[in-house]
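Student: The structure under discussion is supplied below as structure tokens; questions concerning it will follow.
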Amino acid sequence: EEFPAEVDLNAVTINGRQYVQAVVKDITKRDNAEKALKKSEKNFRTLYNNVPVGLFRCDMTDGGRFMEVNPAMVSMFGYESDKELIDSGTIERFFSDGSLNNMLGALGEKKVLQDFTARMIRADGSSFWASISARPFSWKSGESTLIDGIVKDVSESRKYESNLKQSLDKLRNAIEGTVSAMSLLVEMKDPYTSGHQKGVAHLAC
């Protein structure tokens, strides 16, 4: 049966003759642990690289500077590599300087951030709306505070909500117009009560 081993060799001379002293150590357990660790790291890296939302880690004690970003995050901001995005600066990715400060302030108070909405800037200068969820944690015995988070592009959702609001406003105006038209018809039929509906509405308000 084969097994992984660590071998140390040492040349020695005894009574004028050359010998090789060998120390052999069975490292099966260590080898298995290293293989399991590599497999776990590979699985994590595959998940980190393939997940379709932006993942990031930043340093809260260094103004929120990006430390790591996944490919989805790089693509979302329109960069070619993670290094380009990290080097571009974190605060420069926010449309408003106050948004980053508000996010960091909320994290400091709540410790968990859920669906914080902010307008972001891409590499080409265009903007999009993002939803950010994050959680801070201490690193190196409290020397620094890091943030792990998720970023989702919610521009389409915001656009849909805006269109829905406009449709509701149009519908409300149409209903009010219909009611006003009916009121005018009633007043034209009976001039004696003309303006009565508007007077009652005014008093009710």
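The values are calculated or read from the model by the stated rules, or taken from the named source; none is laboratory data. Quick caveat: nothing in here was measured; it's all calculated off a predicted structure. As a convention, Cβ positions derive from the backbone with ideal geometry for all residues, glycine included, and neighbour counts pool all protein chains shown. When the accessible area is computed, the model is the full protein with side chains, heavy atoms only, and any ligands, DNA or RNA have been set aside. Shrake-Rupley method; radii C 1.70, N 1.55, O 1.52, S 1.80 Å.
Student: Please enumerate the residues belonging to the stretch 106-148 that are surrounded by 17 or more Cβ atoms within 10 Å (Cβ to Cβ) and not in a strand (DSSP E or B).
Tutor: Leu107 - this is the single residue of the stretch 106-148 that is surrounded by 17 or more Cβ atoms within 10 Å (Cβ to Cβ) and not in a strand (DSSP E or B).
Each row is one residue, and each column tells you yes or no for (1) modelled with pLDDT under 85; (2) over 22 Å from Gly125 (Cβ atoms).
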| position | (1), (2) |
| --- | --- |
| Asp62 | yes, yes |
| Ala72 | no, no |
| Glu84 | no, no |
| Ser99 | yes, no |
| Met103 | yes, no |
| Ala106 | yes, yes |
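Student: For residues that are acidic (Asp, Glu) and open to solvent by 80 Å² or more (accessible area, probe 1.4 Å), scanning just the stretch 161-190, find the one that is farthest from Thr117 (Cα to Cα).
Tutor: Among residues in the stretch 161-190 that are acidic (Asp, Glu) and open to solvent by 80 Å² or more (accessible area, probe 1.4 Å), the one farthest from Thr117 (Cα to Cα) is Glu176.
Student: Turning to a different aspect of this structure: Suppose we filter Met76, Met103 for residues that are touching a residue at least 40 places away in the same chain (Cβ under 8 Å), within 27 Å of Leu47 (Cβ to Cβ) and either of a type in the set (Ser, Thr, Tyr) or surrounded by 15 or more Cβ atoms within 10 Å (Cβ to Cβ) (or both); which single one remains? Lay out the reasoning, then the answer.
Tutor: Working: Met103 fails: touching a residue at least 40 places away in the same chain (Cβ under 8 Å).
So the residue among Met76, Met103 that is touching a residue at least 40 places away in the same chain (Cβ under 8 Å), within 27 Å of Leu47 (Cβ to Cβ) and either of a type in the set (Ser, Thr, Tyr) or surrounded by 15 or more Cβ atoms within 10 Å (Cβ to Cβ) (or both) is Met76.
Student: Please go through (1) surrounded by 11 or more Cβ atoms within 10 Å (Cβ to Cβ); (2) out of contact with any Gly (no Cβ under 8 Å at 6 or more places or on another chain) for Val151 and return the number of the only condition it doesn't satisfy.
Tutor: The number of the failed condition is (2).
Student: Shifting gears a bit: So which residues in the stretch 94-130 are touching a helix residue (DSSP H, G or I) at 6+ places or on another chain (Cβ under 6 Å) and of a type in the set (Gly, Ala, Ser)?
Tutor: Ala118, the sole residue that qualifies.
Student: Still on this structure, please answer the following. Out of the strands (runs of 3 or more DSSP E) lying entirely within the stretch 1-71, which hold 1 or more residues that are farther than 18 Å from Ala134 by Cα?
Tutor: 5-14, 17-26
Student: Applying the selection to the stretch 43-61, what residues are surrounded by 13 or more Cβ atoms within 10 Å (Cβ to Cβ) and either free of Cβ contacts under 8 Å to residues at least 60 places away in the same chain or not β-branched (Val, Ile, Thr) (or both)?
Tutor: Passing the criteria: Tyr48, Val51, Gly54, Leu55, Phe56, Arg57, Cys58, Asp59, Met60.
Student: Looking at (1) modelled with pLDDT under 75; (2) open to solvent by 50 Å² or more (accessible area, probe 1.4 Å), find the lone condition where Thr193 falls short.
Tutor: (2)
Student: Within the stretch 80-95, can you find the residues that are in a loop (DSSP other than H, G, I, E, B) and open to solvent by 50 Å² or more (accessible area, probe 1.4 Å)?
Tutor: First pass over the stretch 80-95, keeping only residues in a loop (DSSP other than H, G, I, E, B): 80-81, 88-90, 95.
Selection gives Glu80, Phe95.
Student: So, Gly64, is that one open to solvent by less than 30 Å² (accessible area, probe 1.4 Å), at positive phi and touching a Cys at 6+ places or on another chain (Cβ under 7 Å) or not?
Tutor: On the way: open to solvent by less than 30 Å² (accessible area, probe 1.4 Å): yes; at positive phi: yes; touching a Cys at 6+ places or on another chain (Cβ under 7 Å): yes.
Against the criterion (open to solvent by less than 30 Å² (accessible area, probe 1.4 Å), at positive phi and touching a Cys at 6+ places or on another chain (Cβ under 7 Å)), Gly64 qualifies.
Student: Considering the stretch 1-42 alone, what residues qualify as being open to solvent by 90 Å² or more (accessible area, probe 1.4 Å) and within 30 Å of Lys152 (Cβ to Cβ)?
Tutor: Lys39, Glu41, Lys42
Student: Between a residue in the stretch 15-27 that is of a type in the set (Ser, Thr, Tyr) and any residue that is open to solvent by less than 90 Å² (accessible area, probe 1.4 Å), which pairs come within a Cβ distance under 7 Å, given they are 6 or more apart or on different chains?
Tutor: These pairs meet every condition: Tyr19/Val12.
Student: Out of Ile147, Ile132, which single residue is of a type in the set (Val, Ile, Thr) and touching a Pro at 6+ places or on another chain (Cβ under 6 Å)?
Tutor: Ile147
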